[in-house]
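Read the structure below first, then the notes.
Just so you know, all these numbers are worked out from the coordinates, no wet-lab data involved. Fair warning: this is a prediction, and the values are worked out from it, not measured in the lab. Cβ coordinates were reconstructed from backbone atoms using ideal geometry, including for glycine residues, and neighbour counts include every protein chain displayed.
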Amino acid sequence: MQIDGFVQALREDLARVAAVGDESTARAADLLAVALEASLGKRLLEALGEAALELSSQLENGRVEVRFAGGDPELVYVPDEESAPAEPADEAFSARITLRLPESLKNRLEAAASVHGVSVNTWLVRALSRAVHGPRRSSGNRLTGFAKS
């Protein structure tokens, strides 16, 4: 999501409104737009943060984070790791299935498992357990995330 596009649209809206007046009104609107540009961007980011919190409070199993990639914010769904129901201690991993999937998906699964520090098998078992057992109600509203350039 590019905040700059929204800020530019607001500047254009202000210019159209100012066009109703004379040249000095248009000049004043242009100066105001320049002065408010940084503030508008900041306010839009705050609105994204509030949206992420509101969405997170409505999610059963995870949260929404505002992340920055190359200076542009993006809303990202992050599932709760702890939301996977624990497997009964007496249930061993003895069942087997054969799963055929595209190489690109396999690579993404390996990357996701690596991020969580677990094997692909463990990651898949957790994901499937969450899917089968259904989501659980998450408690608390929190906003987390990271920025990368």
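Estimate the FRET efficiency between Glu103 and Leu40 by the formula 1/(1 + (r/R0)^6), using the beta-carbon distance for r and 41 Å for R0, to the nearest 0.05. Walk me through the intermediate numbers first.
Details: r = 44 Å, r/R0 = 1.08.
With R0 = 41 Å, the Cβ-Cβ based efficiency is 0.40.
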- Item | Sequence-distant residues sharing a close amide H with Asp80 (under 5 Å, placed H) | Gly62, Arg63
- If you place +1 on the Cβ of every Lys and Arg, -1 on the Cβ of every Asp and Glu, and leave all else neutral, what size is the dipole of the stretch 1-76 about its Cα centre, to the nearest 20 Debye? 100 debye
- Message: From the phi angles alone, apply the Karplus equation (6.51, -1.76, 1.60; θ = phi - 60°) to the stretch 41-46 and give each ³J(HN,Hα) in whole Hz, x where the residue is Gly or Pro.
- Response: x, 5, 5, 5, 5, 5
